Amino acid sequence: MNTESQELWKRVCEEDDLNAFETLHSMYYARLANFVFLYLKDKESCEEVVSDVFVALWQKRKGLTSIRNIQSYLYTCSKNLSIDLIRKNAIRIQPDTNCYEIDIPDVEDSILSPLEMKEFRTNMQKAVDLLPPQCQIIFKMLLNDQLSYKEIAEILNLSRKTVEAQVAIAYKKITVLLKKIYLISLLAIFICFH
């Protein structure tokens, strides 16, 4: 649980603090849009859903003072609204070319050059995109949003064991794919120089 988020939420509820609300919005808007994209596959619809979640949060703040984990609450609301939108067929899901990517932190320059880091990110994104949908959602929540297994389980209404199993599957599949990509690259380099 993010204590900074909880402190901000407390100020929103108790003091109607608009600055605290805007800070919460800034902290979570992009993360939630990334998360919702996994369901809706349409950037514009994602942004609408997340905006609706924040509007409702502000409007209902006085009745939501008992929320113990605002981060989980935001993810759960975003997921539920996305699923409702799909069920009601209120949108036609069209794959968006401006898809959200995974967030891979930079490593020291001495390890990988900027060009190598760019190539690694591209290959990592390809590997993640090939994961089964639920596995992909869980892995991105873990990597991008830095949510705990427990939080992911609560948000997605799964057992912690299921989340752990899906993360293990993700790591295994990504590792296998990356090994293949880099093995082929190394073989190509070897053949070129011999």
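The values are calculated or read from the model by the stated rules, or taken from the named source; none is laboratory data. Just so you know, these numbers come straight off a predicted model, no measurement behind them. Cβ sites come from the backbone with ideal geometry, for glycine too, and all protein chains shown count toward neighbours.
Values as computed for the structure displayed
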| item | result |
| --- | --- |
| Search result, residues across segment 29-64 that are surrounded by 15 or more Cβ atoms within 10 Å (Cβ to Cβ) and β-branched (Val, Ile, Thr) | 36, 49, 50, 53 |
| Test: residue in segment 120-133 that is in contact (Cβ under 8 Å) with a residue 60 or more places away in the chain and surrounded by fewer than 18 Cβ atoms within 10 Å (Cβ to Cβ) | yes |
| Unmet requirement for residue 26, which otherwise passes all of (1) surrounded by 14 or more Cβ atoms within 10 Å (Cβ to Cβ); (2) small (Gly, Ala, Ser); (3) at pLDDT 90 or above | (1) |
